[in-house]
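Heads up, the thing below is written out as structure tokens.
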Amino acid sequence: MAGLAVIVPTLDEERTIRACLAAVGEEPGVEVVVSDGGSTDATAALVRAEFPGARVVAGPAGRGAQLNRGAAAATSDAYVFVHADCRLPVGWAAAVRAALAEPGTALGCFRLHTEPASSGGGAVARGWWRLLDLRGRGLGRPYGDQALFVTREVFAAVGGFPAIPLMEDVEFVRRCLRHGHLARLPLAVRTTARRFARRPLRARLCTATFPLLFRLGVSPHRLARWYGDVR
């Protein structure tokens, strides 16, 4: 496995994008594409000023569409999809290349470590985050915040991410696993609990129930209306 492309969707992420791209580092054979969905803050300007090696592409908002746009702009053999409030671990590139080189691998992901969005959080909140992090250790299929990675070939075979407003990662994973197995890396991506900090009870309820509701046939458009801001 040669070139890797890190694809980062953004929408008003000037507070998080610096740490995200800094964690990517300057790995040989790695290109970075920031797919912006119309930020009104300094996201794009910050990327261009502080990370001149990264490419910024712009278009309508929508995580699935932005991820597809970023992939279309990349020239590498494989993609790593990273949320703007996530940070890749040290050694991520070598681990991804090794996983994708294994016969039968269709998709890969990292473990997850959720951190407080700000100071505090309390014991109950921290317990909830650790419970959420268990899915990164094999309890259920992965979500997009686990930095999914895939070869260009498999990505093309599944048609990229579906054009739906929510659960695009759930459907993408389902389609990819028709083509092979899932590689779970022991390294952990770090993410923030910002969605829980804003609306803790509602966010926890949505996180616990929406994937099941989607699999039972509830429209992703209806789920998106219930959820609100998906960032």
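Every read-out reported here was derived from the displayed coordinates using simple, explicitly stated rules and does not represent laboratory data. In this text, all values refer to a predicted model and were calculated from it rather than measured experimentally. Please note: Cβ atoms are built from the backbone with ideal geometry, for glycine as well, and neighbour counts cover all protein chains shown.
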- [ ] Would you compute, for the Cα atoms of the range 4-198, the largest minus smallest coordinate along each principal axis and list the three values in descending order, in whole Å?
- [x] 44, 39, 33
Open item on the list: If a paramagnetic tag sat 7 Å from the Cα of Glu102 along the Cα-Cβ line, which residues of the range 147-166 would have the backbone N under 20 Å from that point?
Closed with: 147-155
- [ ] For Ala78, enumerate residues with amide H under 5 Å from its amide H, sequence gap 5+ or separate chain, H modeled in the peptide plane.
- [x] Ala5, Arg152
Task: Under 5 Å, built H, 5+ apart or other chain: amide partners of Thr10 - done: Ser35, Asp36, Gly37
- [ ] Enumerate the amide H contacts of Val56 below 5 Å, restricted to partners 5 or more residues apart or on another chain; note that Pro and chain-start residues carry no placed amide H.
- [x] Val34
Open item on the list: Output wanted: per-residue J couplings in Hz (rounded whole) for the range 15-29, from phi through Karplus 6.51 cos²θ - 1.76 cosθ + 1.60, θ = phi - 60°, x for Gly and Pro.
Closed with: 7, 10, 5, 4, 5, 4, 6, 4, 5, 4, x, 10, 6, x, x
Task: R0 of 35 Å, Cβ-Cβ distance Ala22-Ser219: FRET efficiency to nearest 0.05 - done: 0.40
